[in-house]
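Quick notes on the structure that follows.
Read-outs: derived from the displayed coordinates by stated rules, not from any lab. Predicted, not measured: the structure shown is a model, and the values here were computed from it. Neighbour counts are summed over all protein chains in view; Cβ atoms, including those assigned to glycine, are modelled from backbone coordinates with ideal geometry.
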């Protein structure tokens, strides 16, 4: 029988401090913010297309 996988990431010292600080106050680079904005635009654009297609289909 297979053994369950044990997750065992352990951070200590300075690594643990940096992880907790980042987790409390995450920062996003300008590149990440631009990617999020682009993703939002694509989502909204595709959402409109889906609504239009559903409206056309319901009229048939």
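Ratio of Rg to Rh for the chain: 1.34 [Cα atoms; Kirkwood radius as inverse mean 1/r over pairs].
From the helices alone, meaning DSSP H stretches of at least four residues, give me the mean residue ellipticity at 222 nm for the chain, per-run term -39500 (n - 2.57), in deg cm²/dmol to the nearest 500.
On the way: 2 runs with 42 residues, N = 60.
After summing the helix terms and dividing by the residues of the chain, the value is -24500 deg cm²/dmol.
Using the beta-carbon distance between residue 9 and residue 45 and R0 = 35 Å, what value does 1/(1 + (r/R0)^6) give for FRET efficiency, to the nearest 0.05?
Details: r = 38 Å, r/R0 = 1.09.
Efficiency computed from Cβ-Cβ geometry: 0.35.
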